[in-house]
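Below you'll find the structure, written out as structure tokens, and then a few comments.
The values are calculated or read from the model by the stated rules, or taken from the named source; none is laboratory data. Since the model is a prediction, treat every value here as computed from it, not as a measurement. Cβ placement follows ideal geometry from the backbone for every residue including glycine, while neighbour counts extend to all protein chains displayed. In case anyone asks, the SASA skips ligands and DNA or RNA and just uses the protein heavy atoms, side chains included. Shrake-Rupley method; radii C 1.70, N 1.55, O 1.52, S 1.80 Å.
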Amino acid sequence: MTATLIDGKAFAAKVRGKVAGHVTRLKEMGITPGLAVVLVGADAASEVYVRNKGKMTVEVGMASFEHRLAEDTQEDELMGLIDRLNADPEVHGILVQLPLPPHLNSDLVINAIDPAKDVDGFHILNVGLLGTGQRSMVPCTPLGCLMMLRDHHGSLSGLNAVVIGRSNIVGKPMAQLLLGDSCTVTIAHSRTKDLADVVRRADIVVAAVGRPGFVPGDWIKPGATVIDVGINRIEAEGGKTRLVGDVDFAAASEVAGAITPVPGGVGPMTIACLLANTVTACCRANGLPEPEGLTA
Ligand code: NDP
């Protein structure tokens, strides 16, 4: 391996450390930042995410409020809970764990969250603010990617960035953030022609496709920085499974200048950025300055 490993696990620990520092200062002022997580149903993966989020929220000194609702919860009940959380001064961040059961309209539910408490950054107002370069809540995964890129490069100005994937939660906000940092941005997707050539021009590649090892090493420009957002579970030896990214890590790390691993890259940064967004929301709610280094 010749590429520098961008250690998301270590970086996320640093971010959580900064968050904890801000929480301590806020508590000295009599303010405890609080994050409410709402889980509807009993999806096994969502259960694990919610448990981890709650654990890390408490570890950085914040208040964690978990709301578990039955799979058959009706829209008015969920909306009622969101109204109460919106009005609760102890709650600075609200996260509704997705996916919701199919009978619930996710857009309606997300857009019912107070945008100032929308720590996932999915509310339509925050999407619009980000798209127009205004202060917003930024989706956690792209924010984590941006933090790692800024840390590695310093300035991203003028670099060619290719984002593979155009989802609302990763690809599109990632592209907006890179544009905000003055990259020349290409968003690729399943209809993109000559994807290999497009990727070969990139100084920065962000892969958010959801297909194991989709980006081969020979698509990577020598020295490029590769951020692998993909989380794919594949069969491993002995009937076990293991996690891999969207990039052929072994091959790409012989060509790239820097690369994030899976696991241990973008994943840990996502939760760290959720905590960062909660502190940011808390500071804003109390008219305090933005916490340094934790926003886009
Ligand atoms: P989506 O399925 O919503 O989007 C995938 C994107 O990949 C789509 O825009 C799709 O294009 C594009 N795509 C699919 N096939 C191809 C292809 N052959 N060539 C080019 N583009 C293609 O996924 P998400 O954005 O939600 O997630 C992407 C990955 O990131 C997943 O592995 C997910 O698990 C992971 N993830 C990781 C997180 C973390 O914390 N590390 C957080 C969120 C996601 P089109 O729009 O044309 O269909």
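Okay, here's what the table says:
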quantity: Cα-centred dipole magnitude for the stretch 30-116, charges only on beta-carbon of K, R (+1) and D, E (-1), debye, nearest 20; calculated: 400
quantity: For the chain, size of Cβ-based charge dipole, Lys and Arg +1, Asp and Glu -1, in debye; calculated: 700
quantity: Accessible area of Ser157 in the full protein assembly, 1.4 Å probe (Å², nearest 10); calculated: 80
quantity: Among Asp114, Asp246, Asp197, residue whose mean-square fluctuation peaks in a GNM of the chain (springs only between Cα atoms under 10 Å); calculated: Asp197
quantity: Between the stretch 107-152 and the stretch 14-32, the alpha-carbon center distance in angstrom; calculated: 21
quantity: Per residue, the convex hull volume that the Cα atoms of the stretch 140-267 enclose (Å³); calculated: 99
quantity: Heavy atoms of Lys14 accessible to a 1.4 Å probe, total area in Å² rounded to 10; calculated: 140
quantity: Solvent-accessible area of Ser64 with every protein chain in place, 1.4 Å probe, in Å² to the nearest 10; calculated: 40
quantity: Accessible surface, 1.4 Å probe, highest first, among residues Lys18, Lys117, Lys221; calculated: Lys18, Lys221, Lys117
quantity: The chain: C-alpha pair distances exceeding 28 Å, %; calculated: 38
quantity: Greater than 22 Å apart at Cα, pairs in Lys172/Lys193; Lys18/Lys172; Lys18/Lys117; Lys193/Lys221; calculated: Lys18/Lys172
quantity: Positive dipole terminus of the chain, leading residue within Phe11, Asn286, Ser157 (C-beta point charges); calculated: Ser157
quantity: Mean separation of Cα contacts under 8 Å (6+ apart) over length of the chain, as relative contact order %; calculated: 22
quantity: Isolated Cys in the chain, by beta carbon distance under 4.7 Å; calculated: Cys145, Cys183, Cys282, Cys283
